[in-house]
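Read through the structure below, which is laid out as structure tokens, and then see the notes.
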């Protein structure tokens, strides 16, 4: 049987020259996206072909192994990665089809007590975090931007607010698929990577709501609303830390968003923002119907909050406690199902039982053929088919329960969900996301070819020459990757193995560097052309992406610098105590 052992210096016996050759597929991908302006899936497929060619002709990998590496990566990209994303988006679509999404918007109106600044934080930051947790891939920006427009926020300001809001939750987006992907590609424990990210991204979460208030209403807004912004940001960040370290990293954003909303509810029972009318006059371009009407009885006795439509005074549109519960039900159910699947050990060990259903596939032409220097088969050639235990299937189970509940209990709302239509939405979601899916598949295939052929290891070995300072540079790679691809998952697919190799060669904890790549990516999404285009389209500023970019690029770089300093200090004894033990 023919075997292949990746080496770091196959080209002219030089690590530097080999690394330059190895970077060609990545440069191809970035140039096609950022300069040639090709579509992401086209850039991914072309770069995959380039990576296979480099693997064969420069790194001397047998052609059948190079091609099969791409096939294995593509299969992993389809399942579980794309499967998780589709199921997350589908669950959100079920809430839209049922009419519960509109009720959730009314909940935010009630909680915010008619203050447009607090309503904006709840929608863009908290609800945007929920959408990022369950959908990601631009959905939070598009949806929350239109909701802010409905509040009367000017288009440019709305675009800036939702883009900056869509930073802190990104690392744990789509049920933390960026972290799951990084763990699968590196062989590191995904929950440990998630725990470290949970000690980095909360720093952003703490400050983002304060920044949003400042962007919305300047110093006057900060003076009036800083308690609410501080409480929401701090509670969101603390929940991120707790959930990622002690509960389930996949559920981090769901828990954090709900805790942030809950903290706002508690605070606003005892404190009210000042100068609400004056702030509305300063901020809003008009008094929309969302704010000119009252929600009848409100939630938990909170009357006098703004509604979401001119007909809300009718009994049919009145936000009752039952409808409030139904609006929040899917998100609480996600927590329960994931909590049981990940943590339940009383009587029956559910996590162990679920993992027992995993099917291990020794990938043909790769397992036993790609070996390390000691002649041992590399573990990354074994594909784990998690048909029941993966988050996508758990989301499917959640969605089925939600659809059944919504079809039976309408809660006095206008819409009745048809279960058949809910299931048909899976097919529609797959069709709508077909190009995003092809992008995910091609990028993961590219990553597998580069990893198994030794290209990524060669680049990482060369970068490790920066020594301890590489910890400072680590988030920059994630920032660049997400800025170009628009996806923290894609950035991790491209750079996670590289970060791991550089860390091992530079004497830096590879888990920290992979986490740094993930955290750096969250602020790169702020300036990605994909997200800028989505925001511009959502607020009807098509063609004004450059204007929006100028408004947000400074904040992106500033947050990146903070993360670079944080990761560097975490690699030293100064803040090394922040890193948890594996």
| remark: Hydrodynamic calc, the stretch 159-228: Kirkwood Rh from Cα pairs, then Stokes-Einstein at 37 °C with viscosity 0.692 mPa s, so D in µm² s⁻¹ is 240
| field | 0 to 90° range, to nearest 10: angle between helix 63-76 axis and the chain longest Cα axis | value | 20
| What do you get when you divide the Cα radius of gyration of the stretch 1-131 by 2.2 N^0.38 Å, with N the number of residues? | 1.67
| note | The equivalent-ellipsoid semi-axes of the chain, taken as the square roots of five times the Cα gyration tensor eigenvalues and listed largest first in whole Å, are 42, 26, 21
| Pulled fully out, how much extra length does the chain show between residue 71 and residue 562, if you take 0.36 nm times their separation in residues and subtract their Cα-Cα distance? | 172.9 nm
| query | How far is helix 419-432 tilted, in degrees, relative to the longest principal axis of the Cα atoms in the chain, given as a value from 0 to 90 rounded to the nearest 10? | reply | 50
| query | Rounded, prolate or oblate: which fits the stretch 420-542, taking a ≥ b ≥ c as square roots of the Cα gyration tensor eigenvalues, rounded meaning a/c under 1.5, else prolate when a/b beats b/c? | reply | prolate
| request: Starting from the eigenvalues of the Cα gyration tensor, five times each then square-rooted, give me the equivalent ellipsoid semi-axes of the stretch 121-184, largest first, whole Å. | output: 24, 9, 8
| query | Quick one: Cα centre-to-centre distance for the stretch 165-191 and the stretch 209-287, in angstrom? | reply | 24
| query | Relative to the longest principal Cα axis of the chain, at what angle does helix 24-34 sit, 0 to 90 degrees, rounded to 10? | reply | 30
| Computed over the stretch 142-231: relative contact order in percent, which uses C-alpha pairs under 8 Å that are six or more apart | 25
| Using 7 Å Cα-to-Cβ label points, what is the residue 348/residue 246 separation (nm, one decimal)? | 2.8
| request: Work out the P(r) tail for the stretch 140-293: percent of alpha carbon pairs separated by more than 28 Å, whole number. | output: 26
| task | List the relative contact order of the chain as a percent without decimals, with contacts defined as Cα pairs under 8 Å and 6+ residues apart. | result | 24
| said: Between residue 325 and residue 423, how high is the FRET efficiency from 1/(1 + (r/R0)^6) when r is the Cβ-Cβ distance and R₀ = 30 Å? Nearest 0.05. | reply: 0.80
| field | Contour excess over end-to-end distance, with Cα ends at residue 64 and residue 553 and 0.36 nm allotted per residue | value | 171.7 nm
| message | Given contacts defined as C-alpha pairs under 8 Å and at least six residues apart, what's the relative contact order of the stretch 453-582, whole-number percent? | response | 29
| request: Highest first, please rank the peptides 239-245, 572-578 by the mean number of other Cβ atoms sitting within 10 Å of their residues. | output: 239-245, 572-578
| said: What does the extension gain come out to for residue 271 and residue 374, with contour length at 0.36 nm per residue minus their alpha carbon separation? | reply: 30.5 nm
| the stretch 322-346-the stretch 2-34 distance, computed between alpha-carbon centres (Å) | 46
| said: Counting only helical runs of four or more DSSP H residues, what would the 222 nm mean residue ellipticity of the chain come to if each run contributes -39,500 (n - 2.57) and the total is spread over all its residues? | reply: -22000 deg cm²/dmol
| request: Kindly state, to the nearest 0.05, the FRET efficiency for residue 214 paired with residue 2, given R0 = 56 Å and r defined as their beta-carbon distance. | output: 0.35
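Since every read-out is calculated from the coordinates, none of them should be taken as a lab result. Since we're looking at a predicted model, the values are computed, not measured. A quick note on method: Cβ atoms are made from the backbone with ideal geometry, for glycine too, and the neighbour counts reach across all protein chains shown.
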